[in-house]
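The values are calculated or read from the model by the stated rules, or taken from the named source; none is laboratory data. These numbers come from a predicted model, not from an experiment. Please note: Cβ atoms are built from the backbone with ideal geometry, for glycine as well, and neighbour counts cover all protein chains shown. What goes into the accessible areas is simple: the full protein's heavy atoms, side chains included, and nothing from ligands, DNA or RNA. Shrake-Rupley method; radii C 1.70, N 1.55, O 1.52, S 1.80 Å.
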Amino acid sequence: MGAATMEIYVKGAQQQQALFSHLIKDAARSACSMLALPHEAARLRSPADDGMTAIERLELSPLAEDQLVATALRLSPSAASAKTIADALQLHFTTPPGWLAVEAQRRAAWSDMAGRGLPLDRAAQTAAGIEQKLNGDEGSMLIKLRAYADLYNDLWCDPRIAAPVPARREMLALVSALHARCAALDGIEASS
């Protein structure tokens, strides 16, 4: 039993790493296209009428894809190739964050939990949207959703992204929502 559990964990970690690598490449391509025109870097960093920059708007999203695009844009002050941006992102996430910085993000997200709780309904809708974008049969869908749940489990409190507290709280809620979707799929698969 222990060996099988370890194998599943390692396989899960591999799936999460593959997903993260894929998302980094996609974020790099998006950032590359957003920075293609010479004036775009300045526009993305300039506050709009609402006082927010385009990068800050991306950081409000609970989606890992948006968080990685925002990080890529922050790391790229001007136009660059997708490979250069992907390399910068990969390097940025290579060094693990310090535990104090992680703990600070956790505490900020957990603050006022009694008053507001987690945005579980929004997270359930976001999880359904993630599932809808994925392709494959129930077995591969389950693996992909677990990889997303594992990724969000690590990313919600990661200080290497600049997500504000509300986005982090929804990312935290997404961990539970994605696990719930996995349990539902697992039940469907078991009954087949």
Note down the nm distance, to one decimal, between modelled labels 7 Å out along Cα→Cβ at Ser81 and at Ala108.
3.5
Under a 10 Å cutoff between Cα atoms, tell me which one of Ala123, Ala101, Ala70 has the largest fluctuation in the Gaussian network model of the chain.
Ala101
Once ligands and nucleic acids are excluded and a 1.4 Å probe is used, how much of Met113 is accessible, expressed in Å² to the nearest 10?
40
Restricting to Cα atoms and excluding each atom paired with itself, what does the Kirkwood estimate give for the range 98-191 in Å?
13.9
Let me have the relative contact order for the chain, percent, based on Cα pairs under 8 Å that are six or more residues apart.
27
For the chain, return all DSSP H helices satisfying: extent of Cα atoms along own axis at least 18 Å; mean Kyte-Doolittle hydropathy at least -0.5.
2-34, 138-155, 165-191
Going by a ≥ b ≥ c, the root eigenvalues of the Cα gyration tensor, does the range 53-109 fall in the rounded group (a/c under 1.5), the prolate group (a/b larger than b/c) or the oblate group?
oblate
So how far apart, in nm, are the two label points at Arg116 and Ala101 if each is 7 Å from Cα heading toward Cβ?
2.3
Restricting to Cα pairs below 8 Å that are 6+ residues apart, what does the relative contact order work out to for the range 98-191? Please round to a whole percent.
43
Using eta = 1.567 mPa s and T = 4 °C, Stokes-Einstein with Kirkwood Rh from Cα pairs puts D for the chain, in µm² s⁻¹, at 73
Checked the range 42-81 with the C-alpha gyration tensor, a ≥ b ≥ c its square-rooted eigenvalues, rounded below a/c of 1.5, otherwise prolate if a/b is larger than b/c and oblate if not; verdict oblate
Could you work out the mean projected area of the convex hull around the alpha carbons of the range 12-95, in square nanometres to one decimal?
5.7
For the chain, what number of Lys pairs, 8 or more residues apart or on separate chains, have alpha-carbon atoms under 22 Å from each other?
6
